[in-house]
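Working notes, structure below.
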Amino acid sequence: MSPHNDAPSPTSSFTAGFNRISFRSTASSSLMTGHLAPVDTHSPLSSSYSSSSLDASTFHMARPLVPGVYVPTMCFFDEDTEDVDTATIAHHAVRLARAGVTGLATQGSNGEAVHLTHSERQLVTATTRKALNDAGYSHMPIIVGCGAQSTREAIQYCREAWEAGGDYALVLPPSYYAPLFAPASQTIVDYFNAVADASPIPLIIYNFPGAVGGMDLSSDMIIQLSGHPNIVGVKLTCGNTGKLNRVAAATRKLTKNFDPSNPEFLVLAGSADFSIQSLVAGGHGILAGLANIAPKACIQTIELYKQGKQTQAQEVQEIVSEGDWTAIQGGVVGVKAGLQSWMGYGGYARSPLPKPTTEQAKKWKEGFRDLVLLEKSL
């Protein structure tokens, strides 16, 4: 969930055939200047797909990024085996789409991307794409988390995301060897430019200091990178509305024929608890994990503000912010517990993340109570 602090399984028909899906390995494709051996092989802990291939071209159509509410979706697992639960992934994606969200994102922090193999990541994204298409939401874009510590693997993730039906790549900066980077963050600039040059899908910069050892991209760097034709947006999970304002204003001014309904560079807040603040600062919406539980409430906050109903928008924002604080404290474990308590599905995170205690589950359920009651009223 949102990392910033106040201070400093239902069944469905959408996954028929997914156990038989196989993907072409982009590991055998030319990445930068060389070739790679396959990244991972089938593991007994992974969901299997083997016999028939899926034509990736059937997944691709023009899906522009427009202002609105985007949701970094959860990944669900079988409670006993920890295999990827494609039925629940599909059910959840369609539930969010029916609520009216603008787009979905797979392989984010909420999607436990760090717990998945390359092939499982493809399975999750392809499951999501097929579920949306089958339910009549083929127009809805999918953003795919593609950050990696090496430029080479980030490019590979982008290519695999495209194969699985992804439309955009959400990319964190590398951070493991940050003390060795070139001065003035030139290494980060070079990284994003290189990945953008090679990626078959456009990039969205992901500024999330809590996930990269405190590295916080400046507005100057983000504005500079926005000039790349294959970098089309930013997610600001830093919670810095001043930075958001500078980026939104600068990229708007750099656009020759700015269209507020279809901006060339999309600026998104990374948390639901400052939705209104981000709009005031010129942002275009949110990409926020809380929308997994309350998508309609997140949408309502933004719509009321756009309609000029600021008092009502603030009232909804207060409830959303309280719910988001529960989500921030509990992380993916708490959000799944909340889904399980209120929606009847969610299960547990993949090990080594712990299962919540009975006391924790009760606490998180109560923390989401007002938010869920609001959600059910909409």
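The values are calculated or read from the model by the stated rules, or taken from the named source; none is laboratory data. These figures come from a predicted structure and were not determined experimentally. When we count neighbours, we look across all protein chains shown, and the Cβ atoms used for this are built from the backbone with ideal geometry, even at glycine. To get the accessible areas, we keep the full protein, side chains included, count just its heavy atoms, and leave off ligands, DNA and RNA. Shrake-Rupley method; radii C 1.70, N 1.55, O 1.52, S 1.80 Å.
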(message) Per residue, how large is the accessible surface of region 97-227? Use a 1.4 angstrom probe and give square angstrom.
(response) 33
(request) Answer rounded, prolate or oblate for region 155-271, using the Cα gyration tensor with square roots of eigenvalues a ≥ b ≥ c: rounded when a/c is under 1.5, else prolate when a/b is larger than b/c, else oblate. (result) oblate
(message) In whole percent, and with a 1.4 Å probe on the protein chains, what portion of the accessible area of region 74-123 is carbon and sulfur?
(response) 43
(request) Would you grab the residues whose amide H sits under 5 Å from the one on LEU266? Only those 5+ places off in sequence or on another chain, please, with H modelled 1.01 Å from N. (result) GLY233, VAL234
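Report the trypsin sites (Lys or Arg not before Pro) located in region 298-352 that are in a DSSP loop and have at most 15 other Cβ atoms inside 10 Å of their Cβ, or state none.
When the trypsin sites (Lys or Arg not before Pro) of region 298-352 are filtered for loop state and at most 15 Cβ neighbours within 10 Å, LYS309 remain.
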(request) Compute the semi-axes of the equivalent ellipsoid of region 244-378, taking the square root of 5 times each eigenvalue of the Cα gyration tensor, and list them largest first in whole Å. (result) 32, 17, 11
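With a 1.4 Å probe and every protein chain kept in, tell me what percent of the accessible surface of region 136-249 is carbon plus sulfur. Could the numbers behind the result be given before it?
Numbers: 2130 of 4060 Å².
Its accessible area is 53 percent carbon and sulfur atoms.
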(request) With a 1.4 Å probe and every protein chain left in place, work out the accessible area per residue of region 326-378 in Å², rounded to a whole number. (result) 50
(request) Kindly rank 256-263, 359-366, 169-176 from highest to lowest mean number of other beta carbons found within 10 Å of each residue. (result) 169-176, 359-366, 256-263
(message) Per-residue counts of other Cβ atoms within 10 Å, averaged by peptide: what ranking do you get for 65-71, 180-186, 231-237, 208-214, highest first?
(response) 231-237, 65-71, 208-214, 180-186
(message) What FRET efficiency comes out for TYR177 versus GLU318 if R0 is 30 angstrom and r is the Cβ-Cβ distance? Round to the nearest 0.05.
(response) 0.10
(request) Mind checking the per residue accessible area of region 235-276 for me, 1.4 Å probe, whole number of Å²? (result) 43
(message) What lysines does LYS336 reach when the alpha-carbon gap must be under 25 Å and sequence neighbours fewer than 8 apart in one chain are set aside?
(response) LYS130, LYS235, LYS296, LYS355, LYS362, LYS363, LYS365, LYS376
